[in-house]
Amino acid sequence: MKKSSSKAVRESEAQGIAWLAKLARSSYSVHEIDLEAKIEDLEAQARRLSTVIDNISQGMCLFDAEERLILSNSRYCDIYRLSPEHLLPGMPLREIVALRVAAGTCAISVDAYLALARSINSGMAPRTWTATLPNGRIIQVCHQPMSDGGWVSTHEDVTELAATRQIADERISLQTLIDWVPDYLWVKDVQSRFIVVNRALATDSGREKTSDMIGLTDFDLHAPDMASKFRAIELHVLQTGQPVFDKEEFVVDASGVGKWLSSTKVPLRNEQNEILGLVGIAHDITGRKKADLLRDGQAQILEMIATGVPLEDVLGRLVRLMESQLTGIFGSVLLLDKEGRHLRHGAAPSLAKGYIKAIDGVAIGPKVGSCGTAVFRRAPVIVTDVMLDPLWEDYRDLAMGYGYRSCWSTPIISHQGAVLGVFAMYSKTARAPAEAETRLIDFTTRIAGIAIERKVAEDQIHFMANHDVLTGLPNRALLEDRLSQAILHAQRYDRWVTVVFIDLDNFKLINDTLGHNAGDRLLKALAERMVACVKSTDTVVRLGGDEFVLVLFDQPKNVDLIAETLQQVRTAIAEPIQLGNRCVRTTASIGIANYPKDGRVPETLIANADAAMYRAKEVGRDNFQFYAPEFNTRAHERFLLQEELRNALSRSEFVLFYQPQVDLRSGRVFAVEALIRWNHPMRGAMSPVGFIPTAEETGMIVPIGDWVLHEACRQNKAWQDAGLPPMSVCVNVSARQFRERNLVERAVHALGESQLEGRYLELEVTESLIMQDAELAVSTMNELQALGVQISIDDFGTGYSSLSALKTFPVGRLKIDKSFIKDVAGNKEDQEVASAIISLAQKLNMRVIAEGVETEEQVDFLRKNNCDEMQGYYFSKPVSAEEIDQFVRRLDV
């Protein structure tokens with residue numbers, strides 16, 4: 001039982017093992033089939049993947065952690081010129097790089113490449129870079145490290161893409177570049193159509209983008225006449241191939257603003273040298289053009305002032321010049337009247353005529369718009385909005401009716417501090433002046449001041465040539481003219497003319513006791529009283545000092561009526577006058593001569609009235625006397641005075657001193673001024689002030705002046721003979737000398753007698769002197785100039801000079817009066833006057849000498865302002881002839 005049981009167990013186990021073996025074989029077959037299927041599937045996927053990888057445009061490769069190639073595609077082989085059969089899986093990176101080096105597709109050595117790859121693969125971050133191969137191709141590499149230490153990378157040939165991008169970048173960069181250019185820059189085709197434009201040109205042409213300009217021509221941007229000019233110029237460039245450089249052109253941009261451009265246009269050629277169009281660039285020169293116009297305008301206006309052009313024309317040109325520099329600004333000049341109370345129209349070429357008429361004659365005051373207030377305050381008034389400013393309350397409707405919203409006014413003040421008028425700028429917008437406008441306000445106001453002041457000076461010259469400075473009465477120069485007219489009227493209508501000579505009694509005592517100021521006030525008061533006693537057709541003349549002459553016009557032949565009028569004059573003169581704390585009373589001695597009984601010509605009537613006046617003094621003063629022949633004692637007194645002066649000449653009592661004149665640039669003494677002194681036997685040394693007026697009055701100035709002329713020439717020749725460097729001697733010529741017909745002959749005689757060349761003599765005259773008879777003055781000066789004698793104007797700028805004379809007279813030098821030099825170092829007004837005189841004189845080809853120079857500061861100012869010469873105590877006081885000799889010799893050493 002046991003055996004059989006064991007056997008059964010063994011058989012059962014054997015069957016189980018067989019079954020298990022069978023089962024194992026069956027299971028293996030199934031797994032084998034599955035594995036084969038999977039392998040086949042994987043192989044199919046691998047083939048598909050390989051196909052995909054081989055057909056992508058990028059090269060691709062996969063490496064394991066040991067730097068062995070896992071796979072690569074055909075594009076990778078193409079990029080690096082490798083044979084696919086040489087690039088097998090498992091191949092080390094070193095061998096692959098060596099193949100690339102051999103193929104010329106690796107720019108660096110094998111070791112350098114491996115070091116680079118390992119450096120990049122040491123991190124997990126992806127990297128992208130470009131590599132330029134030795135053959136010039138550009139490869140973009142994208143490297144992606146893997147977690148197991150391997151990596152995958154793609155390689156793309158971007159050579160053509162880079163070139164395309166470069167072109168695009170260049171185009172973008174070119175447009176960006178030209179858009180940064182502030183000048184206009186463009187390219188046009190042969191039809192003058194824009195094909196390239198920068199932003200500056202597009203913006204000013206009213207286009208938002210530069211592309212909006214492409215295809216347009218100048219006819220789309222400008223007025224037809226302007227566009228036609230541009231087209232004509234461009235056709236010339238296109239047809240001839242000749243460029244145009246720096247051509248000045250005027251354009252109006254889209255906003256309506258006019259601009260000056262400096263344009264350059266050159267032909268655009270292809271490789272075959274054919275003209276395809278043109279390239280242009282234009283630089284805005286409006287600022288320079290305006291500056292040139294301003295500078296030229298300044299010179300023109302100064303010349304207008306110098307040549308005596310009417311003030312209205314000068315101011316009108318000045319305002320138009322100012323307006324040409326600005327946009328939307330209207331200028332105006334108003335002049336203060338003689339009473340200093342009202343403003344009168346001066347110039348306003350662009351203001352509305354109705355507005356000009358409405359403000360002409362407006363009174364000045366603390367609340368009179370901008371202009372009236374500015375003059376009242378003597379300070380600028382800037383009103384930014386007429387609608388709101390209380391100063392315009394009374395004039396707001398007037399201004400707004402013409403659209404004026406802002407007004408900036410600046411008073412025009414003379415160098416002496418007097419208000420001459422006001423300059424105003426109007427705008428139709430509410431605003432304050434810009435910096436450029438403020439500068440133009442200063443410029444215009446300054447030039448307007450010069451013009452007005454010159455006109456006032458010229459009027460004053462004319463007035464002063466015929467009127468007394470102190471009283472404003474007609475003077476001796478006007479007396480003869482008025483008397484001649486009165487005589488002609490009397491001849492025609494059988495009437496009388498009465499000449500009354502009045503001399504105040506004891507006036508010298510009042511002058512000496514109360515002072516000259518009190519004496520001047522007395523003379524002015526008496527002048528007013530005499531004018532009040534006669535008719536408006538009569539003339540009251542002040543001869544000088546305390547002497548007056550009345551010309552009673554159209555008198556009846558009745559001595560009693562004449563005596564009645566003169567008694568009224570005598571009574572008016574005798575009435576008390578308050579002079580400060582003193583009440584004084586004066587009387588007059590009066591002489592009378594009647595036409596035709598006492599004389600038929602002005603000179604005789606005046607002389608006989610003078611003689612009658614001396615008779616009134618003889619009989620006790622404070623009375624009037626009609627002329628009688630025996631009343632000519634005055635002539636005797638004048639004779640005695642002439643004898644005294646004549647004796648001074650014969651006794652050699654006169655002597656000349658000399659003051660050096662120095663060239664400011666070289667420091668050389670080029671001339672000396674001769675100054676007379678009188679060694680009076682009783683009074684001692686007398687300056688010219690003590691005797692020249694008397695010499696002028698008596699006529700002795702002529703022989704005295706002749707002596708000065710001869711002595712100065714003799715001394716100058718003596719200096720030359722003694723070996724001193726040649727220099728000029730300057731001699732003052734009095735009004736009486738200049739009117740003498742033989743002045744030229746006397747100059748010829750003095751030069752001949754001394755044997756001095758004419759070029760070493762200079763005659764100094766005052767301009768008011770030569771203005772008295774301009775025709776004679778020009779003739780005389782031309783004759784003197786023909787001798788080589790130079791002419792200079794003395795004391796220029798004192799208010800008695802006419803700029804218009806400068807261009808008319810043959811003058812070589814101007815002498816700036818010492819009153820302007822005294823404070824020139826610190827006084828702005830004196831500086832402006834001095835610099836203006838220097839500038840104007842040099843513009844008219846004259847040299848300028850400043851007299852009264854005493855300090856280093858004055859010298860520095862004169863040098864800085866290009867003054868030519870100087871004279872004064874800074875260099876030397878007037879000295880004797882011997883001292884001049886020593887002085888010049890020391891300088892030469």
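A P(r) calculated from all alpha carbon pairs of the chain, with 20 Å bins opening at zero, reads 10, 23, 24, 14, 11, 7, 6, 3, 2, 1, 0 percent. Between Val689 and Val244, the simple spin-label model (points 7 angstrom out along Cα→Cβ) gives 7.0 nm. Rolling a 1.4 angstrom probe over the protein heavy atoms with all chains in place gives the chain an accessible area of 51 Å² per residue. Relative to the longest principal axis of the Cα atoms of the chain, the long axis of helix 881-892 lies at roughly 20 degrees. As a rough guide to protection, the peptides 865-872, 595-602 ranked by mean Cβ packing within 10 Å, highest first, stand as 865-872, 595-602. Couplings 3J(HN,Hα) for region 666-677, derived from phi with the Karplus relation 6.51 cos²θ - 1.76 cosθ + 1.60 (θ = phi - 60°), are 9, x, 7, 7, 9, 7, 9, 9, 7, 10, 7, 10 Hz, where x marks Gly and Pro. Taking Lys and Arg as +1 and Asp and Glu as -1, the other residues whose beta-carbon sits under 9 Å from that of Gly59 total -2.
In the distance distribution for region 226-357, Cα-Cα pairs more than 28 Å apart total 44 percent.
Under 1.5 on a/c is rounded, so check that first for region 362-419, then, if it is not, pick prolate when a/b is larger than b/c and oblate when it is not; a ≥ b ≥ c are the square roots of the alpha carbon gyration tensor eigenvalues.
Details: a/c = 2.52, a/b = 2.14, b/c = 1.18.
It comes out prolate by the Cα gyration axes.
Between helix 516-533 and the chain there is an angle of about 70 degrees, using the helix long axis and the longest principal axis of the Cα atoms.
The mean sequence distance of close C-alpha pairs (under 8 Å, at least 6 residues apart), as a share of the length of the chain, puts its relative contact order at 6 percent.
Dimensions of region 434-483 along the principal axes, based on C-alpha atoms and rounded to the nearest Å, stand at 59, 18, 9, largest first. Taking a ≥ b ≥ c as the square roots of the eigenvalues of the alpha-carbon gyration tensor, region 458-522 is classed oblate because a/c is 1.5 or more while a/b is no larger than b/c. In angstrom, the C-alpha Rg and Dmax of region 369-454 are 13.0, 38.
Quick check for me: using +1 on Lys/Arg Cβ and -1 on Asp/Glu Cβ, what's the dipole size of the chain about its Cα centre, in debye to the nearest 20?
Working: 99 positive and 120 negative charges, 354 e Å.
In debye, rounded to 20, the chain gives about 1700.
Inverting the pair-averaged 1/r between distinct Cα atoms of region 311-447 gives 14.5 Å as its Kirkwood hydrodynamic radius.
Using a cut-off of 10 Å between beta-carbons, work out the net charge of the residues near Gly206 (Lys and Arg +1, Asp and Glu -1, Gly206 not included). Don't jump to the answer; show the numbers that get you there.
Numbers: positive: Arg207; negative: Asp204, Glu208, Asp212, Asp253.
Once all neighbours under 10 Å are counted, the net charge is -3.
Of interest is the spacing of the C-alpha centroids, which for region 400-443 and region 72-110 amounts to 86 Å.
What does the C-alpha gyration tensor say about the overall shape of region 816-893? Classify as rounded when a/c is under 1.5, otherwise prolate if a/b is larger than b/c, or oblate.
On the way: a/c = 2.46, a/b = 1.76, b/c = 1.40.
Prolate.
Counting only Cα atoms, region 74-226 measures 82, 32, 23 Å along its principal axes, largest extent leading. Nonpolar atom fraction for the chain, defined as the carbon and sulfur part of the 1.4 Å probe accessible area, stands at 53 percent. Which value in Å does the Kirkwood hydrodynamic radius of region 713-770 take, with 1/r averaged over all unlike C-alpha pairs and then inverted? So the Kirkwood estimate lands at 12.2 Å.
Under a Cβ-Cβ cut-off of 10 Å, what is the net charge of the residues other than Leu114 that fall near it, where Lys and Arg count +1 and Asp and Glu count -1?
Values: positive: Arg94, Arg118; negative: Glu67, Asp111.
Charge balance near Leu114 sits at 0.
The values are calculated or read from the model by the stated rules, or taken from the named source; none is laboratory data. Bear in mind that the values here come from a model prediction, so they are computed numbers and not experimental data. Cβ coordinates were reconstructed from backbone atoms using ideal geometry, including for glycine residues, and neighbour counts include every protein chain displayed. Accessible surface areas use protein heavy atoms only, side chains included; no ligands, DNA or RNA. Shrake-Rupley method; radii C 1.70, N 1.55, O 1.52, S 1.80 Å.
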